[in-house]
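Everything on this sheet refers to the single structure shown next.
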Amino acid sequence: MPEKLGRRSLHQPLLGAPADLVDPYLPNNGNLGYRISRYDLELSYKVAANRLVVTSTITAASYRLLKTFSLDLATTMSVARVSVNGHRVRYTHRRNKLTITPQNAIEPGGAMSVVIRCSGNPTPIRGKWGEVGWEELSEGALCANQPNGAASWFPCDDHPISKASYRFTITTDSPFYALANGVLQSKRVKAGQTTWVYEQVEPMATYLASVQIGPYRLKSLAEHPVPTKAVLPQRLMSTFDVDFGRQLDMIETFAEMFGPYPFPQYTVVVTDDPLEIPIEAQSFSIFGANHCDGTRDSERLVAHELAHQWFGNSVTLARWRDIWLHEGFACYAEWLWSQRSGGRSADEWARHYYSKLAARPVSVPLSDPGPGQMFDDWVYKRGAITLHALRLTIGDGNFFALLRRWTEKYRYGSVTTEDFTTLAAGFSSTSLTALWQAWLHQPALPPFPQ
């Protein structure tokens, strides 16, 4: 849960439950007084015009008296109508906040069904992390929401701790393939349009919600141990077999190391456009055509994005300062795969990046890098070396048992660094306090672990 402070300003907003705080890394995201349990999103998208119409039905419950409440929604989306529990209500929409006034105040513990119809030409949200959210492709669109882009295309409580189930109903022009999180429930073609329905049962953070639309073909890769598919342009089919040819081995390897794969299936999307970096979403990953060029040079990224299904998508940070719990773990998974597949060992990779970190000191700790640096490469690499230091300290048997216990205990949940360090204590015969202090809480780089 977000950090609790002994003394709190009377004006400090609360999130999720009365003792929780809005994340200081994204103080304008997240909303107060209620919890969402489900989103039903009906999306109609015209590719050529980048025109999106959304009818969102949100199921929520209040935890305090609500005379008004708010949702995150970019003002590039125009709201046409809002109802709460069947009654049309008043609302305002300013500064990416949709503020709603129900006809009658919602009592604590009261159920809410909120229906919002909005439309527009969605564009990414600009911020210190670049542009995130709904993005047009040459033909189609993708969603890359991390950390605060979900509001670019649907009304939501855009905070990572606010997990919910989802149903996506996507109607678009028939030549295009539409993918969303979860499992495909139905596909219906009518009058030149296709409607795709996906059900995402396992709780999901808003930044992982994603829709992918493009001139794609479906390629089935395996049914066991995990149903695995690819969605990509026809022209990339042959090179895909080279660049992603060892993906099934990765899934088996990571399941052995980290515990069972946490979702019903896994899909890789390859866009027809190049992408600067791959993108994670719950139950699938998105790569650009440049990652599928027949060289297999992007295999470490294939491993990285797959590892996020365990570390980030199933087990999700409760506050953005703990981003190393996602990126450090996924980076270390790259090194583990390298060693398993005949490349450099994890220790060799750790030594390689340690020298790079030593040449570029930082002035903030890994446990609190600040919003401007939380996606910097040093966070990924130092997070991975921190795990390597832990592994050398407690031994391989305890280390991998800890990872499996971590993914089991917090499956579909929200976590903090303190949750991990507390759990790790049970897998060590000696105190780990000095290790955590050196690697997590002090900016200075400790000596390389022995």
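Tabulated values for the structure
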quantity	calculated
Packing rank of 144-156, 94-106, where each peptide gets the mean count of other beta carbons within 10 Å, highest leading	144-156, 94-106
Length-normalised contact order of the chain in % [C-alpha pairs under 8 Å, at least 6 apart]	11 percent
Residues GLU131 and GLN339, FRET efficiency given R0 of 56 Å [Cβ-Cβ distance, rounded to 0.05]	0.95
Likely footprinting exposure, TYR166, TYR332, fewest C-beta neighbours within 10 Å first	TYR166, TYR332
Overall form of the range 321-441 per C-alpha gyration tensor (a/c, 1.5; a/b vs b/c)	rounded
Contour minus Cα-Cα distance for ASP377 and VAL89 (0.36 nm per residue)	99.1 nm
The range 1-215 - percent relative contact order, Cα under 8 Å, separation 6 or more	20 percent
Contour excess over end-to-end distance, with Cα ends at VAL189 and ASP396 and 0.36 nm allotted per residue	69.3 nm
Given LYS67/LYS97; LYS97/LYS409; LYS229/LYS381; LYS187/LYS219; LYS229/LYS409, the pairs whose alpha carbons are separated by over 24 Å	LYS97/LYS409; LYS229/LYS381; LYS229/LYS409
Mean ellipticity per residue at 222 nm, deg cm²/dmol - from DSSP H runs of n ≥ 4 across the chain, formula -39500 (n - 2.57)	-7000 deg cm²/dmol
Footprinting exposure proxy for TYR354, TYR45 (fewest neighbouring C-beta atoms within 10 Å first)	TYR354, TYR45
Over the range 216-309, volume per residue of the alpha carbon convex hull, in Å³	82 Å³
Label zone at LYS356 (point 7 Å along Cα-to-Cβ), backbone N below 18 Å, the range 365-385	366, 373-385
Net charge over other residues, Cβ less than 12 angstrom from the Cβ of ASP272 (K, R count +1; D, E count -1)	0
Rg followed by Dmax, in Å, when the range 1-215 is reduced to its Cα trace	17.2, 61
Cα coordinate range in the range 273-382, projected on the principal axes (Å, largest first)	40, 30, 24
Sequence of VAL54, VAL47, VAL189 once ranked by neighbouring C-beta atoms within 10 Å, starting from the fewest	VAL189, VAL47, VAL54
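A short reminder: the numbers here are calculations on the coordinates, not readings from a lab. Just so it is clear, the model here is predicted, and its values are computed rather than measured. Reconstructed Cβ throughout: ideal geometry from the backbone, glycine too, with neighbour counts over all protein chains shown.
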